[in-house]
Every structure is written in C-alpha cells, then in structure tokens.
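Enquirer: My structure is below; once you've seen it, I'll send some questions.
The values are calculated or read from the model by the stated rules, or taken from the named source; none is laboratory data. Note that the coordinates shown come from a computational prediction; the quantities given were computed from them, not determined experimentally. Here the Cβ is made from the backbone with ideal geometry for all residues, glycine too, and neighbour counts use every protein chain on show.
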Amino acid sequence: MSPNKLVLVTGASGYTAAHVIQQLLDSGYGVRGTARGEKVDFLREFWKASPNFEAVQIDDIAISDFTHVLEGVDAVLHIAWPFSSQKDPASRIKGAIDGTLNVLRQGAAKGVKKFVLTSSWVTVLDPSLKELYQGITFTEKSWGKASSEDPPSTGASFIDIYTRAKILGEQAAWQFAEEHTELDIAIISPPFIYGPPILPLSRSALGSVGSIYNLITGEPGRPLPSQLFPFHVNVRDLARAHIRALELEPLPAGADRQEKRFLVVSPDVVTWDVAVKYLHDTRPALRNRLPTLDQAPALPGPLSKNDTRHTQEVLGLTEYVGWRKTFDDTVDALLEAEKAWA
C-alpha cells in the first residue's frame, strides 16, 4: 500500500498506536484514530498540527458500530486490546476475541481488504509458560495450546488469562481470514514493549514499561523481581514493523495465510540482573532505588530463544534499537513522568 491512503488505527491513545500513527503521518498517510470518550479531544489537540489526522470516538471495540468510522478507509491497523481487568476470566477472553472479530467483520463489510493486527509473542507459549525455559526455539510457526472448551481455572493468574485470550483472539482472526480469502491480513506479535512514549505516560496504565519502572522504584536492598520474559522490542521498531506489514503485497493465491504472521523481537536478551547491573553502573543517582543483586534468582531451566529470520526476510527488519538505548530512553521517560505524577 502506498502513502496518501487513509488508515484506520484502533486504540489510538495507546503506547504502541501513538508511535504507529506518528510514523504513518511522517510517511504521508492519512490517519483516522479511534479512542474512548475524553481521549478523543486529547488526541485532536495533540495532533492538531497534522492535517492528515482525525480522531473519532469508539467506546467499545467489541460491540461498537464502526460504520461511520470506516467510510473512505483503505486499511485497518487494529491495535486496541479490549481486555478489562474488571470482568471474570471467560468474559475477558470473549471480549478480546469479539473485539478482533468485530473490527474484521465490519471492515470487510465496508470493502476494506487490508488489515494489520497486533497480537503478542505469548501466543507461542502454552498458558503455563513452561516452554519458556525448555531451551527450544520459537518461530512464526510456533503456537501455544488454548481452547475455549478449556477455560482458565478459578484464581488463574493475569498472564494465564492474557495468554489464552491472545492465542484464541489471533486464531479467530486467522480463521476469519480463511473464510474470507479476499482479505489481506498480517499479524504482528511483539513481546514486552519498551522505549520512549509519544503520549504522556499514565501511572495507572504503564503496560510493559511498568516492569522497568518496578526496577527503579521501591525500597533499597529488595530482591530482584521475578523474571517473567527476558524478550523485548523497542516501540519504534515495533511501529516500523506495522508500517512494513501494511505495505506488503498480497500473498499469491493458494499461499499459507500465516506467512504474514511475524514475531517482532529484539535479538538482545536481557534478564533483570543484567538490566539492574547496567542501571547501577550508569545511573548513580538511582542506586538507592534499585533491587539488590546479591540474590539474583536462577532461571528454572535453559532459556528458549527466537528465530526471527522470517520477519527479517519479509519485513526487512534486520536492525533493532540496542537494549541499552532502549532502557535509557525508557528510564528517562519514566523519571520525567514521575514529575507530573507527583
């Protein structure tokens, strides 16, 4: 797809979406961004100098009518994630699936054929996460196992529910693609996302960035937090991946639709002990806010890895922002945001 086209971006007030929008605008695209309620006015004010941007109100991705929002749209970048923490696990998973399918169904009905969806790297894992420390190699062909017939148990963790929702939501999208062969769908799957924000950071909704904030705030001498995932991507690289997926040509007839499934993961693997040691050495002013390195927990097994050659070859993502700059930019942004929070 060439510039000068109109792209609908869902979840426009989000951390990743803001970078995607800015890169789209910089490339000459028109952008229509969806957001909830009062966030619409904020986005209009924030991008008021960009005549190619408009914000529209969509309060619930899973059930809202997109008819007016899709007028004149050439492609959809679906980044919003309707995953309420206030609902029971089954409802949260259903809402995530319904959000994806609602966007696809309404877009297809309006004649939109090009879709890029944001999924998650966790779709390569079972909800138990056991594969993370089994020394295996993940590719775009890797899938975790989840079924709507096997709901999460009572008291399941956030990451268990989140992983199931991401797996089932993405699988629903691919099933929709198989049933509507006229559509051109690509799916981007990132792990933890770090880097400088475009929009102000909210302390109550830090997302992946919150894991870095947890490293630099708290009582001195506390132990390192548990290592969830040592994989990450810089938000600027992630936005770049979305734009490149948008600009890919459709697959030839008969091709595997999931050739447009992309793991977008930095080659740098950073465990919390490495990150804290780096911050300790480079930021003396933060030393009394960092965890101790005296008792770094051992990993439960050989760390698995990612083979992203497919993403490199198809999207041309061969260079990523290094982890030190990524962490520096993230910490700088968090320290600046603290001033506003105070």
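Listed here are the residues, each with its yes/no results for (1) at pLDDT 95 or above; (2) assigned to a helix (DSSP H, G or I); (3) surrounded by 14 or more Cβ atoms within 10 Å (Cβ to Cβ); (4) among the polar types (S, T, N, Q).
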{"position": "GLN258", "(1), (2), (3), (4)": "no, yes, yes, yes"}
{"position": "ASN288", "(1), (2), (3), (4)": "no, yes, no, yes"}
{"position": "THR292", "(1), (2), (3), (4)": "no, no, no, yes"}
{"position": "ALA296", "(1), (2), (3), (4)": "no, no, yes, no"}
{"position": "VAL314", "(1), (2), (3), (4)": "yes, yes, yes, no"}
{"position": "VAL321", "(1), (2), (3), (4)": "yes, no, yes, no"}
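Enquirer: Hey, ILE93 hits all of (1) modelled with pLDDT of 95 or more; (2) farther than 20 Å from LYS114 by Cβ; (3) buried (at least 19 other Cβ atoms within 10 Å of the Cβ) but one; which does it fall short on?
Expert: Of the numbered conditions (1) modelled with pLDDT of 95 or more; (2) farther than 20 Å from LYS114 by Cβ; (3) buried (at least 19 other Cβ atoms within 10 Å of the Cβ), the odd one out for ILE93 is (1).
Enquirer: Scan the stretch 100-118 for residues that are part of a helix (DSSP H, G or I) and among the hydrophobic types (A, V, I, L, M, F, W, C) and report the count.
Expert: 5
Enquirer: Which pairs turn up if I take residues in the stretch 213-225 that are over 19 Å from ILE193 (Cα atoms) and look for partners that are of a type outside the set (A, V, I, L, M, F, W, C) and surrounded by 19 or more Cβ atoms within 10 Å (Cβ to Cβ) with beta carbon separation below 9 Å, at least 6 apart in sequence or on another chain?
Expert: Listed by first residue and then by second, the contacts come to GLY218/PRO291; PRO220/PRO291; GLY221/PRO291; ARG222/PRO291; PRO223/PRO291; LEU224/PRO291.
Enquirer: What number goes with the only condition from (1) at pLDDT 95 or above; (2) of a type outside the set (Ser, Thr, Tyr); (3) touching a Phe, Trp or Tyr at 6+ places or on another chain (Cβ under 9 Å); (4) in a loop (DSSP other than H, G, I, E, B) that LEU279 does not pass?
Expert: The failed condition is (4).
Enquirer: Which residue pairs have Cβ atoms closer than 9 Å, lie 6 or more positions apart in sequence or on different chains, and pair a first residue in the stretch 132-161 that is assigned to a helix (DSSP H, G or I) with a second residue that is among the β-branched types (Val, Ile, Thr)?
Expert: Close Cβ pairs (under 9 Å, with a partner that is among the β-branched types (Val, Ile, Thr)) amount to ILE159/VAL122; ILE161/ILE93.
Enquirer: Let me ask something else about it. Pick from ALA205, ALA186: which is small (Gly, Ala, Ser) and crowded, with 21+ Cβ neighbours inside 10 Å?
Expert: ALA186
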